[in-house]
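The values are calculated or read from the model by the stated rules, or taken from the named source; none is laboratory data. What you are looking at is a predicted structure, and each value in this text was computed from that prediction instead of being measured. Ideal geometry is used to build each Cβ from the backbone, glycine not excepted, and the neighbour counts take in all protein chains shown.
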Amino acid sequence: MLGAGGRSVLIALASSAVVFGSLGWLVVNSPGWPLLERSFLDAQVFRESWPRQFAAIWRNIQLFLIAELLILPFGLVIAILRSLPGPVAFPLRLLATIYTDLFRAIPGVLVIGLLGFGIPALGLPGVPREAFFWGVVALTLVYSAYVAEVYRAGIQSVHPSQVAAARSLGLTQFQALRYVVVPQAVRRVIPPLLNDFIGLQKDTALVSFIGVVEVFRQAQIDQSANFNFTPYLVTALLFVLMTIPLARLTDWLVERDRRRQLATRAFG
Amino acid sequence: MRRGLRLTTFLTAVVFVAAACSATASPTPAPTTAPATAAPVTAAPTATPDACAPANLALKAAGKLTIGTDNPAFPPWFGGEPPANGVWQVSDPLSGLGYEGAFAYALAAKLGFTKENVVWVAVPFNNVIQPGPKDFDIDINQVSYSAERAANVDLSEGYFDNSQAVVAFAGSPIAGAKSVEDLKGYKLGAAVGTTSLAYIQNAIKPTAEASVYNTNDLAVAGLQARQIDGIVVDLSTAFYMVGAQLDNGAIVGSLPAAGTPEYFSVALNKGSTLTACVNRAIAALKTDGTLEKLRVEWIASQGNAPALAP
């Protein structure tokens with residue numbers, strides 16, 4: 001069982017141990033290391049900051065989960081509007097195009113500040129004031145523009161002959177879209193959609209701009225209390241722990257899709 | 001072979017992670033490079049009579065005193081109208097107006113620098129109090145003294161006694177608060193890294209989580225958006241917020257000192273040879289009444305309407 005494969009595993013292990021071991025030795029023995037260790041790897045600060053940030057990241061999770069649930073359908077609607085054929089749909093196409101152009105062009109933090117500070121300051125009756133609410137709205141608007149473009153790429157990747165075939169079978173334009181185009185389009189763009197989802201997770205930190213104490217702001221508070229950068233490392237670690245499972249899932253989906261396509265080709 | 005390769009990758013990753021873990025978890029026996037405690041503060045000027053003469057000082061630029069402050073520089077700390085094409089906004093530190101503007105030039109004069117030999121550099125507040133080398137010889141930016149800060153930068157004797165205050169909209173419920181206890185039930189805001197935020201967390205301890213902003217200006221935006229009930233900020237800045245930044249704003253009240261009274265210090269590079277000279281100059285400005293004169297001129301006089309340059 002443990003033939004050539006087993007031996008190459010052992011060799012790889014030994015070589016990795018040597019390479020990473022000597023790299024580690026070099027880093028730890030470099031002249032600036034004690035300073036770096038004190039500033040970035042303070043165990044005491046880590047222990048103090050971790051529970052606070054772990055609690056604060058719940059805010060980020062709420063932000064991106066609620067936003068993503070809104071983004072997925074909203075982005076699809078925009079993409080479909082942009083893909084509508086015929087002269088009657090021109091104003092809808094135009095609106096959808098302006099929307100995606102605008103919200104991809106404006107920096108996210110600006111949209112957050114504009115909505116989060118600007119709209120509540122108008123004092124309109126019945127309009128929510130909470131910074132968290134406007135954070136979700138801003139993230140939804142910005143990321144829907146990206147996601148709409150991803151969907152549109154998927155929709156355009158479905159060959160026009162499929163719509164022609166569906167129409168010739170008697171499906172209406174809407175039915176062709178609903179039962180033929182969109183299901184194929186969405187399946188094809190799941191990996192880039194997850195990519196945008198990861199981007200969204202990280203951009204929840206921008207909502208700190210309007211005063212929400214989420215994980216990054218908590219890290220800033222801890223950093224400025226101790227003048228030590230370990231809290232930022234804690235934040236980085238939390239984001240890594242959050243996004244890496246998603247990245248692996250994306251890889252797996254891509255791989256599965258590739259295998260399926262190879263399989264169909266082999267049998268077709 | 002494929003499987004073997006994948007296993008290899010996995011195991012390599014394990015080795016790597018294990019190595020990283022042991023690196024971070026290693027017992028960190030606090031490499032006590034003791035924060036060079038205040039050694040030069042007491043010792044410097046006695047050695048030679050003119051250790052503090054401009055020619056003998058280690059300066060950023062020879063013969064020039066480089067002073068840092070945040071940009072925009074706000075009244076009542078700074079005054080004057082910044083030149084249209086310059087870097088300074090809201091106020092012009094070069095004008096020598098405002099409490100800190102005037103203090104900076106008085107201090108420079110005591111240290112032996114003429115007005116022409118003072119150079120200003122814009123340094124964000126939160127950069128001033130971080131460890132590491134600085135772009136300035138001295139920084140004058142309402143830096144409150146704290147022991148934690150003094151571990152990273154030299155902080156001079158106080159040049160201004162500060163207190164915290166709460167700013168809100170006149171007529172809002174919080175405006176009726178009479179004590180620190182009365183503030184507990186309200187949503188407060190402050191800028192990150194400030195003694196004001198520390199005051200909220202350590203002295204007021206409100207029931208609603210405080211909102212924390214990048215700057216005081218953004219806290220004002222949060223108040224205007226009615227996302228917070230009140231801002232905790234230095235009293236003198238509170239006057240400026242009420243007078244110039246808010247419509248219908250009011251100072252709910254100044255806050256009692258939590259622990260030791262708060263005062264502003266000049267910030268210098270850690271272990272700077274200038275620190276002792278600056279301390280001596282501040283002491284002289286205190287004794288000759290200059291600081292009190294400046295306080296009456298720029299701070300006490302402002303009442304509810306600070307004079308903002310048009």
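Against the definition (of a type in the set (Phe, Trp, Tyr) and touching a Leu at 6+ places or on another chain (Cβ under 6 Å)), how does residue A:20 come out, yes or no? Give the derivation first.
Details: of a type in the set (Phe, Trp, Tyr): yes; touching a Leu at 6+ places or on another chain (Cβ under 6 Å): no.
Here the answer is no, as residue A:20 does not meet what is asked.
Go over the candidates B:208, B:250, B:300, B:281 one by one and state the one that is surrounded by fewer than 23 Cβ atoms within 10 Å (Cβ to Cβ) and more than 24 Å from residue A:117 (Cβ to Cβ). Walk me through it before giving the result.
Details: B:208 fails: more than 24 Å from residue A:117 (Cβ to Cβ); B:250 fails: more than 24 Å from residue A:117 (Cβ to Cβ); B:281 fails: surrounded by fewer than 23 Cβ atoms within 10 Å (Cβ to Cβ).
One residue alone meets the criteria, B:300.
How many residues are in contact with a Leu (Cβ under 6 Å, 6 or more places away or on another chain) and either within 26 Å of residue A:214 (Cβ to Cβ) or not assigned by TED's automatic domain parsing to the domain that holds residue B:229 (or both) when one looks only at region B:167-210?
Initial filter on region B:167-210 (in contact with a Leu (Cβ under 6 Å, 6 or more places away or on another chain)): B:177, B:190, B:200, B:204, B:206, B:210.
Right, trim to either within 26 Å of residue A:214 (Cβ to Cβ) or not assigned by TED's automatic domain parsing to the domain that holds residue B:229 (or both) and you get B:190, B:200, B:204, B:206, B:210.
Qualifying residue count for the region: 5.
Kindly list the number of the only condition in (1) on the phi < 0 side of the Ramachandran plot; (2) touching a Ser or Thr at 6+ places or on another chain (Cβ under 9 Å) that fails for residue B:193.
The one condition residue B:193 does not meet is (1).
Check residue A:211 against each of (1) at positive phi; (2) away from chain B (no Cβ under 14 Å) and name the one condition it does not meet.
Among (1) at positive phi; (2) away from chain B (no Cβ under 14 Å), residue A:211 violates only (2).
Would you confirm, using the coordinates I've provided, whether residue B:140 is in contact (Cβ under 8 Å) with a residue 24 or more places away in the chain, under 19 Å from residue B:237 (Cβ atoms) and out of contact with any strand residue (DSSP E or B) (no Cβ under 6 Å at 6 or more places or on another chain)? Step through it out loud before you land on a result.
On the way: in contact (Cβ under 8 Å) with a residue 24 or more places away in the chain: yes; under 19 Å from residue B:237 (Cβ atoms): yes; out of contact with any strand residue (DSSP E or B) (no Cβ under 6 Å at 6 or more places or on another chain): no.
Against the criterion (in contact (Cβ under 8 Å) with a residue 24 or more places away in the chain, under 19 Å from residue B:237 (Cβ atoms) and out of contact with any strand residue (DSSP E or B) (no Cβ under 6 Å at 6 or more places or on another chain)), residue B:140 does not qualify.
Suppose we filter A:30, A:49 for residues that are more than 10 Å from chain B (Cβ to nearest Cβ) and in contact (Cβ under 8 Å) with a residue 12 or more places away in the chain; which single one remains?
Values: A:30 fails: in contact (Cβ under 8 Å) with a residue 12 or more places away in the chain.
Selected residue: A:49, the only one of A:30, A:49 that is more than 10 Å from chain B (Cβ to nearest Cβ) and in contact (Cβ under 8 Å) with a residue 12 or more places away in the chain.
Please work out if residue B:242 is closer than 29 Å to residue A:126 by Cα and either among the basic types (Lys, Arg) or out of contact with any Ser or Thr (no Cβ under 9 Å at 6 or more places or on another chain) (or both).
Yes; evaluated as a whole, the condition is true for this residue.
When you scan region A:29-64, how many residues do you find that are among the aliphatic types (A, V, I, L, M), surrounded by 13 or more Cβ atoms within 10 Å (Cβ to Cβ) and more than 17 Å from residue A:227 (Cα to Cα)?
Final tally of qualifying residues: 4.
Please work out which one of (1) surrounded by fewer than 19 Cβ atoms within 10 Å (Cβ to Cβ); (2) assigned by TED's automatic domain parsing to the domain that holds residue B:153; (3) not basic (Lys, Arg); (4) not in a loop (DSSP other than H, G, I, E, B) is the condition residue B:271 fails and give its number.
(4)
Any idea which residue in region A:214-259 is nearest to the other protein chains (Cβ to nearest Cβ), counting only those that are aromatic (Phe, Trp, Tyr) and assigned to a helix (DSSP H, G or I)?
The extreme case among them is A:216.
What number of residues in region B:100-135 are in a strand (DSSP E or B) and within 14 Å of another protein chain (Cβ to nearest Cβ)? Spell out the reasoning first.
Residues of region B:100-135 in a strand (DSSP E or B): B:118-122.
Within this subset, residues satisfying the condition of being within 14 Å of another protein chain (Cβ to nearest Cβ) are none.
Final tally of qualifying residues: 0.
Go over the candidates B:211, B:179, B:196 one by one and state the one that is of a type in the set (Ser, Thr, Tyr) and out of contact with any strand residue (DSSP E or B) (no Cβ under 8 Å at 6 or more places or on another chain). Break it down into steps so the answer makes sense when it comes.
Details: B:211 fails: out of contact with any strand residue (DSSP E or B) (no Cβ under 8 Å at 6 or more places or on another chain); B:196 fails: out of contact with any strand residue (DSSP E or B) (no Cβ under 8 Å at 6 or more places or on another chain).
Being of a type in the set (Ser, Thr, Tyr) and out of contact with any strand residue (DSSP E or B) (no Cβ under 8 Å at 6 or more places or on another chain) holds for just one of B:211, B:179, B:196, which is B:179.
Among A:33, A:58, A:50, which is the only one that is modelled with pLDDT under 90 and among the aromatic types (Phe, Trp, Tyr)? Let's see the steps before the verdict.
Values: A:58 fails: modelled with pLDDT under 90; A:50 fails: modelled with pLDDT under 90.
One residue alone meets the criteria, A:33.
Find the residue count for region B:152-181, including only residues that are of a type outside the set (S, T, N, Q) and buried (at least 16 other Cβ atoms within 10 Å of the Cβ). Spell out the reasoning first.
Taking region B:152-181 as the starting set, the residues that turn out to be of a type outside the set (S, T, N, Q) are B:153-155, B:157-161, B:165-171, B:173-178, B:180-181.
Of the ones still in play, those that are also buried (at least 16 other Cβ atoms within 10 Å of the Cβ) are B:153-155, B:157-160, B:165-169, B:174-175, B:177, B:180.
Residues flagged as of a type outside the set (S, T, N, Q) and buried (at least 16 other Cβ atoms within 10 Å of the Cβ) within region B:152-181 amount to 16.
I'm checking my understanding of the structure. Among residues of region A:72-99 that are of a type in the set (Gly, Ala, Ser) and within 23 Å of the chain's Cα centre (by Cα), which one is surrounded by the fewest Cβ atoms within 10 Å (Cβ to Cβ)? Can you show your working first?
Of all residues in region A:72-99, those of a type in the set (Gly, Ala, Ser) come to A:75, A:79, A:83, A:86, A:89, A:96.
Keeping just the survivors that are within 23 Å of the chain's Cα centre (by Cα) gives A:75, A:79, A:96.
On the way: A:75: 24, A:79: 26, A:96: 22.
Looking at the filtered set, the residue picked out is A:96.
Yes or no: residue B:203 within 11 Å of chain A (Cβ to nearest Cβ) and hydrophobic (A, V, I, L, M, F, W, C)?
So residue B:203 fails the test.
Within region A:119-178, restricting attention to residues that are of a type in the set (D, E, K, R) and assigned to a helix (DSSP H, G or I), which residue is surrounded by the most Cβ atoms within 10 Å (Cβ to Cβ)?
Restricting attention to region A:119-178, the residues satisfying the condition of being of a type in the set (D, E, K, R) are A:129-130, A:149, A:152, A:167, A:178.
With assigned to a helix (DSSP H, G or I) added as a condition, the list becomes A:149, A:152, A:167, A:178.
Values: A:149: 19, A:152: 22, A:167: 14, A:178: 14.
Filtering first and then ranking leaves A:152.
Identify, please: which residue in region B:183-205 is crowded, with 16+ Cβ neighbours inside 10 Å and over 24 Å from the mean Cα position of the chain (by Cα) and is, among those, modelled with the lowest pLDDT?
Looking at the filtered set, the residue picked out is B:183.
Quick test of your reading of the structure: residue B:237 fulfils all but one of (1) under 25 Å from residue B:146 (Cβ atoms); (2) away from every other protein chain (no Cβ under 14 Å); (3) outside any helix (DSSP H, G or I); (4) of a type outside the set (Phe, Trp, Tyr). Name the failing condition by number.
(3)
Being under 13 Å from the mean Cα position of the chain (by Cα), at pLDDT below 90 and either among the polar types (S, T, N, Q) or not assigned by TED's automatic domain parsing to the domain that holds residue B:242 (or both) narrows it down to one of B:152, B:127, so name that one.
Values: B:152 fails: under 13 Å from the mean Cα position of the chain (by Cα).
None of the others qualify; the one that does is B:127.
May I ask you to list pairs of residues, at least six apart or on different chains, whose Cβ atoms are under 8 Å apart, with the first in region A:107-121 being within 12 Å of another protein chain (Cβ to nearest Cβ) and the second being of a type in the set (Lys, Arg)?
Listed pairs, sorted by first residue: A:120/A:129; A:120/B:226; A:121/B:226.
Residue by residue, here is whether (1) at pLDDT below 95; (2) β-branched (Val, Ile, Thr); (3) closer than 27 Å to residue B:213 by Cβ holds:
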| residue | (1), (2), (3) |
| --- | --- |
| A:122 | yes, no, yes |
| A:131 | yes, no, yes |
| A:135 | no, no, yes |
| A:156 | yes, no, no |
| A:180 | yes, yes, no |
| A:194 | yes, no, no |
| A:202 | yes, no, yes |
